[in-house]
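Participant: I have a structure here, written as structure tokens, and I will follow up with some questions on it.
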Amino acid sequence: MRESVKSWARRVRDDTVALYFAARHPRTPILAKIVAGLVVAYALSPIDLIPDFIPVLGYLDDAILIPLGIWLVLRLVPKDIMAECRERAHGAVKPRSYWGAAMVVVLWIIVAVALMPWASRYWH
């Protein structure tokens, strides 16, 4: 079972890099480019929506959100383009997404600001 989990994680990592190339491919449909860009930005972001140090929930986003996003993009990108992008991604260096990190930081700021009224009532 351990090997199957490792294999699955490797496929998710490789597909994430392939989506990076698919989002930049000229023949990829615009909706697929947008969704792939969001999935890749989040997956390659050095900052997670739910930090990994939070037990169970910290890895839940990596184990559920990213594979669901990949699944959706795979349905939107034509198979021949995806095969080309997978071939290109094979052995490629994993890029970093600072836009994804910025997106997560902005989301955390929005949540913090939205929770301020509740927190001020709670502590007063």
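The values are calculated or read from the model by the stated rules, or taken from the named source; none is laboratory data. These numbers were taken from a predicted model, which means no experiment stands behind them. Cβ placement follows ideal geometry from the backbone for every residue including glycine, while neighbour counts extend to all protein chains displayed. Surface accessibility is based on the protein's heavy atoms, side chains included, excluding ligands, DNA and RNA. Shrake-Rupley method; radii C 1.70, N 1.55, O 1.52, S 1.80 Å.
Participant: Restricting the search to region 26-52, which residues are more than 19 Å from residue 67 (Cβ to Cβ) and polar (S, T, N, Q)?
Facilitator: 28
Participant: For residue 17, are the conditions met, namely being in a helix (DSSP H, G or I) and either touching an Asp or Glu at 6+ places or on another chain (Cβ under 7 Å) or open to solvent by 20 Å² or more (accessible area, probe 1.4 Å) (or both)? Let's see the steps before the verdict.
Facilitator: Details: in a helix (DSSP H, G or I): yes; either touching an Asp or Glu at 6+ places or on another chain (Cβ under 7 Å) or open to solvent by 20 Å² or more (accessible area, probe 1.4 Å) (or both): no.
So residue 17 fails the test.
Participant: Now, a different point. Quick check: anything in region 33-51 among the hydroxyl-bearing types (Ser, Thr, Tyr) and in contact (Cβ under 8 Å) with a residue 40 or more places away in the chain?
Facilitator: yes
Participant: With respect to residue 57, determine if the residue is under 12 Å from the mean Cα position of the chain (by Cα) and either open to solvent by less than 50 Å² (accessible area, probe 1.4 Å) or under 23 Å from residue 112 (Cβ atoms) (or both).
Facilitator: no
Participant: Out of 86, 75, report the one residue that is out of contact with any Pro (no Cβ under 7 Å at 6 or more places or on another chain), closer than 21 Å to residue 8 by Cα, free of Cβ contacts under 8 Å to residues at least 40 places away in the same chain and open to solvent by 90 Å² or more (accessible area, probe 1.4 Å). I'd like the intermediate steps shown before the answer.
Facilitator: Working: 86 fails: free of Cβ contacts under 8 Å to residues at least 40 places away in the same chain.
Checking each option against the conditions leaves just 75.
Participant: Taking the stated definitions as given, is residue 63 closer than 21 Å to residue 18 by Cβ and either at pLDDT below 85 or open to solvent by 80 Å² or more (accessible area, probe 1.4 Å) (or both)?
Facilitator: Values: closer than 21 Å to residue 18 by Cβ: yes; either at pLDDT below 85 or open to solvent by 80 Å² or more (accessible area, probe 1.4 Å) (or both): yes.
Answer is yes for this residue.
Participant: On to the next question. Return the only residue of 56, 104 being at positive phi and either in contact (Cβ under 8 Å) with a residue 12 or more places away in the chain or of a type outside the set (Asp, Glu) (or both). Steps first, please.
Facilitator: Working: 104 fails: at positive phi.
Being at positive phi and either in contact (Cβ under 8 Å) with a residue 12 or more places away in the chain or of a type outside the set (Asp, Glu) (or both) holds for just one of 56, 104, which is 56.
Participant: Right, here's the next one. Any chance you could count how many residues in region 22-45 are open to solvent by 70 Å² or more (accessible area, probe 1.4 Å) and in a loop (DSSP other than H, G, I, E, B)?
Facilitator: In the first step, residues of region 22-45 are kept if they are open to solvent by 70 Å² or more (accessible area, probe 1.4 Å); the result is 24, 26-27, 30-31, 34, 38.
Checking which are in a loop (DSSP other than H, G, I, E, B) leaves us with 26-27.
The number of residues fulfilling the criteria is 2.
Participant: If residue 85 meets every condition in (1) in contact with a Phe, Trp or Tyr (Cβ under 8 Å, 6 or more places away or on another chain); (2) under 19 Å from residue 5 (Cβ atoms); (3) not in a loop (DSSP other than H, G, I, E, B) apart from one, which number is that one?
Facilitator: (2)
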